[in-house]
């Protein structure tokens, strides 16, 4: 998945866990291996499925 914030790609990775009732997902970021919590309720945040895992731009 790609995480877009304010119209820019901020992270790319695999969704490991989601909590739809809380509006959050955890992704494992490609390249760094960090596990990130993404709050989908934050203004300007959106997820997009990507075809190939690449490092964030």
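Bear in mind that the values in this text are calculations on the coordinates, not laboratory data. Keep in mind that this is a model prediction, so the values were computed, not measured. Note: ideal-geometry Cβ built from the backbone for every residue, glycine included; neighbour counts use all protein chains shown.
Side notes on the structure shown:
- Of all the residues in segment 25-36, those that are over 10 Å from the mean Cα position of the chain (by Cα) and surrounded by 15 or more Cβ atoms within 10 Å (Cβ to Cβ) number 1.
- Search result, residues across segment 1-39 that are out of contact with any strand residue (DSSP E or B) (no Cβ under 7 Å at 6 or more places or on another chain), under 20 Å from residue 51 (Cα atoms) and either in contact (Cβ under 8 Å) with a residue 60 or more places away in the chain or part of a strand (DSSP E or B) (or both): 8
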